[in-house]
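The values are calculated or read from the model by the stated rules, or taken from the named source; none is laboratory data. The structure displayed is predicted, hence computed values, not measured ones. Cβ sites come from the backbone with ideal geometry, for glycine too, and all protein chains shown count toward neighbours. Quick note on the areas: whole protein, heavy atoms, side chains included, nothing else; ligands and nucleic acids left out. Shrake-Rupley method; radii C 1.70, N 1.55, O 1.52, S 1.80 Å.
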Amino acid sequence: MKHELTVKSIELFEKKGFSETSIQDIVDAIGVTKGTFYYYFKSKEALLMDIHSSYIDNMIKQQKEILEDRSKDCRTKLYDMVYMLIHNIELEGKSARVFFREIKNLKEENLSKILPKRDQIRYYFEDLLKQGVANGEFRNDLNIEIVTFGILGMTNWTYQWYQPDGPVSDKEVAQMFVDMVLNGIEESS
């Protein structure tokens, strides 16, 4: 039931927005009572926090697995991390839109738990770029922080425009993004 409440809430938050969706809307949509909702979530914001935590925790876990793969070079890991972000937006499009659009509705207490996790995504990219500089795959004069923000800006914004059933696959979009980045940061031979 908790999963069903979450799935329906994501759908409603994505369609109507967090502020415009009431608990009554959620329970009516799946045919349960408010008591059922409150059994699983103490508030609508607690539900939103659960959605945010689940989304970001999954991203961090996947990103960490990519970074820990010792069989791949930094260029390949960069592609894998960019692809992972875009692919997750494809797989969890509604959750991604809720994550990016509705973070503004988290109170400071909850935001203070999500922001460090969001920062961890950035730090993992920075670590990868530093490793690529150290081993000669990337230029040594990079502003790693700005390059990281550029990568995250490109990938995170895809939730707004990427169409999984469109003419370009998530793999192709990831490759295009990585090609743009690498042509600007790859060490020339």
Return yes or no: is GLY153 closer than 15 Å to MET84 by Cα and out of contact with any helix residue (DSSP H, G or I) (no Cβ under 9 Å at 6 or more places or on another chain)?
-> yes
In the stretch 40-54, what residues are out of contact with any helix residue (DSSP H, G or I) (no Cβ under 6 Å at 6 or more places or on another chain) and either open to solvent by 80 Å² or more (accessible area, probe 1.4 Å) or over 22 Å from GLU109 (Cβ atoms) (or both)?
-> LYS42
Scanning the stretch 115-141 for residues that are more than 20 Å from ILE66 (Cβ to Cβ), in contact with a helix residue (DSSP H, G or I) (Cβ under 6 Å, 6 or more places away or on another chain) and not polar (S, T, N, Q) gives ARG139
Given (1) farther than 22 Å from VAL98 by Cβ; (2) surrounded by 16 or more Cβ atoms within 10 Å (Cβ to Cβ), where does THR158 come up short, assuming only one miss?
-> (1)
Residues (under 22 Å from GLU109 (Cα atoms) and surrounded by fewer than 16 Cβ atoms within 10 Å (Cβ to Cβ)) located in the stretch 21-39 | SER22, TYR38, TYR39
Answer yes or no: is there a residue in the stretch 97-110 that is open to solvent by less than 60 Å² (accessible area, probe 1.4 Å), in a helix (DSSP H, G or I) and more than 30 Å from LYS8 (Cβ to Cβ).
-> no
Can you name the condition, by its number, that GLU90 falls short on among (1) exposed (fewer than 15 other Cβ atoms within 10 Å of the Cβ); (2) of a type in the set (Asp, Glu); (3) touching a Pro at 6+ places or on another chain (Cβ under 8 Å)?
-> (1)
